[in-house]
Amino acid sequence: MKARRARLVPRALVLGLAASVAMLSATTLTACAPDPDRCLPAPLDVSSADVVPGGFLTVRSAAAECDLGYKNGATYSIAVVSSSGEQSDDVDVPVERDGSFSTEITVPESFPDGAASVVVSGSPYDECDEDSGSCAAYVVDITVSR
């Protein structure tokens, strides 16, 4: 009996995990996945995920894997936003035709410690359509600490 009982517990765990993974996959695919036919910029990268108030970090993105349709003179606006909603001044950054860019962002001296995000606006990610379940943002998480 003990051997049989030992088999049932792991099997139940496996079935429970499989169901959880299936639910998570379904949620991810319907609630947050960008349209596969849509051209989006490459992911953001920062020089450090940890920064001190008054310090700076480099924010960059590689070329997109598709044609974003950018012309010369395209720009993004970048800001650092705290988890409590405090925001740095926006910095306008020129974007190459292929969607790549690199710039330094200074975190204000008065910025609160804690979780924050570098938020980029002006990209195709801004065209989030919550009604269709496709919602994404062009952000990267950082931590601000003294």
Extension reserve of the residue 81-residue 52 stretch, reckoned as 0.36 nm per residue once the Cα distance is removed:
9.0 nm
Within the range 83-132: Cβ-based charge dipole about Cα centre, in debye rounded to nearest 20 (Lys, Arg +1; Asp, Glu -1)
180 debye
Once neighbouring chains are kept in place and the probe is 1.4 Å, which whole percent of the accessible area of the range 42-103 is contributed by carbon and sulfur?
45 percent
Rounded to 0.05, the calculated FRET efficiency for the beta carbons of residue 90 and residue 37 at R₀ = 30 Å is 0.50
Tell me the per residue accessible area of the range 34-105 using a 1.4 Å probe; a whole number in Å² is fine.
57 Å²
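The values are calculated or read from the model by the stated rules, or taken from the named source; none is laboratory data. Just so it is clear, the model here is predicted, and its values are computed rather than measured. Glycine also receives a Cβ, built like all others from the backbone with ideal geometry; neighbour counts cover every protein chain displayed. Each accessible area value is taken on the protein alone, full model and side chains, heavy atoms only, with ligands, DNA and RNA left out. Shrake-Rupley method; radii C 1.70, N 1.55, O 1.52, S 1.80 Å.
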